[in-house]
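Student: Got a structure for you, questions after.
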Amino acid sequence: MSGDWFDGNGSGGAVDVAELIEGLTVQGIVELVAAGALVSIGTTSDGGALSMTVTADGKWRREYFRAVDELRAWIAEAIPAVEAAKGISRPSSAPRGRARRSKSL
């Protein structure tokens with residue numbers, strides 16, 4: 001049956017995807033991927049929200065966003081969770097020396 005109560009989902013407005021995934025949000029996504037997560041981004045079928053799924057070691061979580069602040073806060077919580085799932089500790093900000101191998105002749 002077309003046009004019934006179930007078709008009335010959402011506010012009707014499309015989410016601004018570019019606004020949601022610019023600047024600091026992109027940096028957060030980069031950090032998630034660097035920590036070893038699979039990150040999937042899409043929109044809902046009506047375009048009213050952005051979905052983000054983070055997968056690490058067989059566990060996944062998906063949320064839906066319409067506001068950039070909510071997305072950034074969620075990513076900030078996701079980064080340490082992915083690092084913990086992967087057994088990664090954050091490197092210190094102190095510069096590290098690189099060990100070099102000597103060339104044998």
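The values are calculated or read from the model by the stated rules, or taken from the named source; none is laboratory data. Worth saying up front: this structure is predicted, and the values here are computed from it rather than measured. FYI the Cβ positions are ideal-geometry reconstructions off the backbone, even for glycines, and counts take in every protein chain you see.
Student: Just give me the residues in the stretch 14-32 being among the β-branched types (Val, Ile, Thr) and either closer than 11 Å to residue 66 by Cα or surrounded by 13 or more Cβ atoms within 10 Å (Cβ to Cβ) (or both), in sequence order. Show your work before the answer.
Tutor: As a first pass, look at the stretch 14-32 and keep what is among the β-branched types (Val, Ile, Thr): 15, 17, 21, 25-26, 29-30.
If the condition is that a residue be among the β-branched types (Val, Ile, Thr) and either closer than 11 Å to residue 66 by Cα or surrounded by 13 or more Cβ atoms within 10 Å (Cβ to Cβ) (or both), then 15, 17, 21, 25, 29 are the ones that fit.
Student: Just give me the residues in the stretch 8-33 being at pLDDT 95 or above and among the small types (Gly, Ala, Ser), in sequence order.
Tutor: Correct list: 28 only.
Student: Go through the stretch 34-72 residue by residue and tally those that are surrounded by 13 or more Cβ atoms within 10 Å (Cβ to Cβ) and assigned to a helix (DSSP H, G or I).
Tutor: Number satisfying all stated conditions: 4.
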